[in-house]
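The values are calculated or read from the model by the stated rules, or taken from the named source; none is laboratory data. If you're wondering where the values come from, they're calculated on a predicted model, not measured in any experiment. When we count neighbours, we look across all protein chains shown, and the Cβ atoms used for this are built from the backbone with ideal geometry, even at glycine.
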Amino acid sequence: MKNAATIWLRTEGAVALGAALVLYGRGLHPYSWGWFAALFLVPDISMLGYLAGPRVGAIAYNLAHTYTLALGLLGLGLLLGQGVSIAGGIIWCAHIGFDRAMGYGLKLPEGFGHTHLGPIGRRR
């Protein structure tokens with residue numbers, strides 16, 4: 001059974017995903033939904049960091065899965081009127097929200113299956 005904090009964090013992720021989808025559809029950029037689909041999983045390339053070990057993998061994954069950088073890109077795009085940064089920041093936020101809603105949290109250095117939202121993967 002999930003604890004209340006985990007439920008809140010997963011709900012927060014679902015709300016972030018929903019907000020990103022609405023924001024993307026508002027047309028603040030010139031890119032189609034095809035671009036959204038094509039770029040949605042790009043942050044998961046950070047999992048390649050696990051090839052260098054669990055500590056490096058966790059750092060790489062967490063950098064690519066924090067709202068701070070995604071919102072920074074979005075804010076920079078809004079400030080400078082750069083559609084590519086706006087679209088990229090929104091898609092990045094959508095990806096993070098989706099992951100959180102699905103229970104994929106920030107990684108702990110013990111290994112990929114250990115997250116701030118609890119263990120993921122097969123349970124023995």
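Yes/no per residue for (1) touching a Gly at 6+ places or on another chain (Cβ under 9 Å); (2) over 30 Å from GLY27 (Cα atoms); (3) surrounded by fewer than 21 Cβ atoms within 10 Å (Cβ to Cβ); (4) among the charged types (D, E, K, R):
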{"site": "SER85", "(1), (2), (3), (4)": "yes, no, yes, no"}
{"site": "GLY89", "(1), (2), (3), (4)": "yes, no, no, no"}
{"site": "CYS93", "(1), (2), (3), (4)": "no, no, no, no"}
{"site": "ILE96", "(1), (2), (3), (4)": "yes, no, no, no"}
{"site": "ARG100", "(1), (2), (3), (4)": "yes, no, no, yes"}
{"site": "GLY103", "(1), (2), (3), (4)": "yes, no, yes, no"}
{"site": "LEU108", "(1), (2), (3), (4)": "no, yes, yes, no"}
{"site": "GLY111", "(1), (2), (3), (4)": "yes, yes, yes, no"}
Subject >> Candidates LEU51, LEU17, filtered to the one that is modelled with pLDDT of 95 or more, surrounded by 14 or more Cβ atoms within 10 Å (Cβ to Cβ) and not in a loop (DSSP other than H, G, I, E, B) >> reply: LEU17
Original post:
Is region 55-63 home to any residue that is in contact with a Pro (Cβ under 6 Å, 6 or more places away or on another chain), surrounded by 13 or more Cβ atoms within 10 Å (Cβ to Cβ) and not basic (Lys, Arg)?
Top reply: yes
Subject >> Residue pairs meeting the criteria (Cβ under 6 Å; at least 6 apart or on separate chains; first among the small types (Gly, Ala, Ser), in region 53-67; second exposed (fewer than 15 other Cβ atoms within 10 Å of the Cβ)) >> reply: ALA58/PRO109
